[in-house]
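Below: the structure, in structure tokens.
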Amino acid sequence: MNNVAIWVSAGLLLGIVTVYELRLMDAEGIGYKKGVAAAEAECKQDTIDELTVLIISSQRLTSDAYAASRAITQSIADRQQADRQTTRELRHALTLTAPDRAGCVYDADSLRLTNSARDRAAQAVTTGLGRAVPSTSGHDEQPR
């Protein structure tokens, strides 16, 4: 073989090797990009999963709060109904016994206790549901 043929063969071989290496580098780049994309997709899916759990938990808490609110509203309505019934019964009983009480005189201790009870009831009504009703003895008791 002559020198030209050797040079052509060497050039052709060098070209083939260069193309092979370029394709190999391109394949590595594509593989790297696919790996990065897969990692990003997994990270995004993890974030979506966490947010989904948070949303479901929030929905459950909202539902529980709504149910508790409805239960409190019903409890208040029941209490108000019972209070109205008790008031009617007391008024009726007082009306029936009014003649028996005419001219009745109470001693000072009874009046003092009655006034104290009235004051505690007024305080309990104006304070709301957040505080315990004072004891009937007039002394604060420790919660049980």
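The values are calculated or read from the model by the stated rules, or taken from the named source; none is laboratory data. Not measured: the values here are computed from a predicted model. In this analysis, Cβ positions are derived from the backbone assuming ideal geometry, glycine residues included, and neighbour counts consider all displayed protein chains.
Counting residues in the stretch 126-138 that are at pLDDT below 75, more than 26 Å from residue 80 (Cβ to Cβ) and within 50 Å of the chain's Cα centre (by Cα) gives one or more.
For the stretch 50-103, give me each residue that is more than 24 Å from residue 121 (Cα to Cα) and over 27 Å from the mean Cα position of the chain (by Cα). Matches in the stretch 50-103: 96, 99, 100, 102, 103. Given the criteria of a type in the set (A, V, I, L, M, F, W, C) and surrounded by fewer than 10 Cβ atoms within 10 Å (Cβ to Cβ), does residue 104 qualify? Criteria met by residue 104. Within the stretch 116-125, restricting attention to residues that are under 20 Å from residue 87 (Cβ atoms) and surrounded by 10 or more Cβ atoms within 10 Å (Cβ to Cβ), the residue that is modelled with the lowest pLDDT is 124. If you check 104, 43 for being part of a loop (DSSP other than H, G, I, E, B), free of Cβ contacts under 8 Å to residues at least 40 places away in the same chain and among the hydrophobic types (A, V, I, L, M, F, W, C), only one passes: 104. Of the candidates 87, 62, 95, the single residue that is of a type in the set (S, T, N, Q) and surrounded by fewer than 10 Cβ atoms within 10 Å (Cβ to Cβ) is 95. All conditions but one from (1) modelled with pLDDT under 80; (2) out of contact with any helix residue (DSSP H, G or I) (no Cβ under 8 Å at 6 or more places or on another chain); (3) surrounded by 10 or more Cβ atoms within 10 Å (Cβ to Cβ) apply to residue 55; the one that does not is (1).
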